[in-house]
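Below: the structure, in structure tokens.
The values are calculated or read from the model by the stated rules, or taken from the named source; none is laboratory data. Keep in mind it's a predicted model, so treat the numbers as computed, not measured. With ideal geometry, Cβ positions are generated from the backbone for all residues, glycine too; neighbour counts draw on all protein chains shown.
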Amino acid sequence: MLFVIISGLFAVAVALFVDGTITKRGPKLTPEVSRKIVHVTNYTVIAFWPFFTSYKVVVGVEIVFLLITILARRYHWTNTVSNVYRLTWGEQFGALGTILIALIGPSAWIFATAMLFVGLADAAAALVGKSIGKYNYMIFGNKKTLEGSAAFVLTAFLIMIVMVKFVPSGISGGWPIIILLPLATAAIEGVSPFGLDNFLIPLVVVLVLNSI
């Protein structure tokens, strides 16, 4: 529980710093980059909570976080969320997804994999797509780039390799799934509107890896 509190405070501190709340001017970052720094920090921290505490604690903390993000959005408490120039409910969907997979109760390693898919692969897709993306495509009204999608697949595949190679995840025998899962979740990221991928991606990762 102490680890959860300390890591949670660290994530909050990063969010406030990036937002400019605890600095006079804040870092000179675009709203999208600022938001993704908070996104990566949040999900990387959450990924390892089940190794130190119960899923009940994870659910409780995420419910509080969900309520805070709703209030922050309603009353414009932060710049990072409100200044992103597109309609997204990613923070709320992400909290709901985390709560749901915590209730499912997978192994800690599978939970971590799901969170890192959202935290790292999704962020890689957004940042690469925004910075160097040239080849655009449109699915269900969502504008994406081939470079961003490739970054998602590569990052997700590397996460899977690390989990299979170095941790006792119990998924080493499912190489077809390990190869196809990054492609499937990249497709979900490409078609999901309004930040819904933050809910769908971890859910799919947990359901698939639990089935191996």
Legend entry - Conditions (1) of a type outside the set (Phe, Trp, Tyr); (2) without any contact (Cβ under 8 Å) to a residue 40 or more places away in the chain; (3) under 14 Å from Ile188 (Cα atoms): number failed by Ala125: (2)
Legend entry - Odd one out for Val191, checked against (1) at pLDDT 85 or above; (2) closer than 18 Å to Phe111 by Cα; (3) of a type in the set (Val, Ile, Thr): (2)
Legend entry - Unmet criterion (only one of (1) under 28 Å from Phe152 (Cα atoms); (2) at pLDDT 55 or above; (3) surrounded by fewer than 20 Cβ atoms within 10 Å (Cβ to Cβ)) for Phe10: (2)
Inset, instruction - Search segment 116-171 for residues being in a helix (DSSP H, G or I) and among the charged types (D, E, K, R), and hand back the single one that is modelled with the highest pLDDT. - result: Glu147
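What tally of residues in segment 179-211 results from selecting those that are in a loop (DSSP other than H, G, I, E, B) and crowded, with 16+ Cβ neighbours inside 10 Å?
Going through segment 179-211 one residue at a time, the tally reaches 3.
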Inset, instruction - Taking Lys165 as the residue in question, decide whether it is among the basic types (Lys, Arg) and surrounded by fewer than 19 Cβ atoms within 10 Å (Cβ to Cβ). - result: yes
Inset, instruction - Can you tell me which residue within segment 128-144, out of those that are more than 16 Å from Ile188 (Cβ to Cβ) and hydroxyl-bearing (Ser, Thr, Tyr), is surrounded by the most Cβ atoms within 10 Å (Cβ to Cβ)? - result: Ser131
Legend entry - Search result, residues across segment 77-114 that are over 15 Å from Tyr43 (Cα atoms), modelled with pLDDT of 90 or more and of a type in the set (S, T, N, Q): Ser107
